Amino acid sequence: MDLSAVTAALESKSYEKIADICDNLMLQVAADGAAFHNDWPYAIHLLSHFYVHDINSARFLWKTIPSSIKESNPEVNAVWKIGQQLWLRNYAGVHEAIRGFEWSQGLQDFVAAFSELYTKEVFQLLVSAYSTITVEDVALFLGMSEEDASSYVLQQGWTVDYASRMLTVKKQPVVTEQKLDPRKLQQLTEYVFHLEH
């Protein structure tokens, strides 16, 4: 079983490609009638689905992992704990699951990249959902200490009222797509036609 494409994607930090690479390799191995070996990168494969927000495929993959692997590979279970917290939308639990395991050398960078991506996505959720929020709640959502969470959001332009420990969210400018009114298009067409004739 040639896992060089997975290794190359990890080394180049092309994490968004790994789920497809692993899925295609898995299909190829199954089509060839070969059995999966204990060296299949289940932890990487699971995490890659979480990275691209494909929790349903990750759940399906989890069901196909042999129980012997689940029992003998704590890293696979640690990645699955991240997925369980994602499924429950337990933002703090995701961060706890990430920090709660000593990741192998081969997975450390990938887990760190996932954690950074997840933090940015949760931050965007906070921006869209709140106008004010407590420092404590932001820290919980972002999986940081209150001091680090405050520093993080202040760098994004938020403001803090130290007396009440409330943060005021800086809303991102809304980009609106300008739609062309069909009547105006018709008038423009008629005008151009009139000029040409």
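The values are calculated or read from the model by the stated rules, or taken from the named source; none is laboratory data. Remember, it's a predicted structure, so these values are computed and weren't measured experimentally. Reconstructed Cβ throughout: ideal geometry from the backbone, glycine too, with neighbour counts over all protein chains shown.
Could you look through the range 67-102, keep only residues that are in a loop (DSSP other than H, G, I, E, B) and touching a residue at least 12 places away in the same chain (Cβ under 8 Å), and pick out the one that is farthest from residue 112 (Cα to Cα)? It comes out as 73. The residue that is surrounded by the fewest Cβ atoms within 10 Å (Cβ to Cβ), among those in the range 23-52 that are modelled with pLDDT of 95 or more and hydrophobic (A, V, I, L, M, F, W, C), is 52. Can you tell me which residue is surrounded by the fewest Cβ atoms within 10 Å (Cβ to Cβ) among those in the range 4-22 that are in a loop (DSSP other than H, G, I, E, B) and without any contact (Cβ under 8 Å) to a residue 40 or more places away in the chain? Of everything passing the filter in the range 4-22, 12 is surrounded by the fewest Cβ atoms within 10 Å (Cβ to Cβ).
Would it be correct to say that residue 96 is more than 30 Å from residue 7 (Cα to Cα), surrounded by 11 or more Cβ atoms within 10 Å (Cβ to Cβ), of a type in the set (Asp, Glu) and modelled with pLDDT of 90 or more? Judged against the criteria, residue 96 is not a match.
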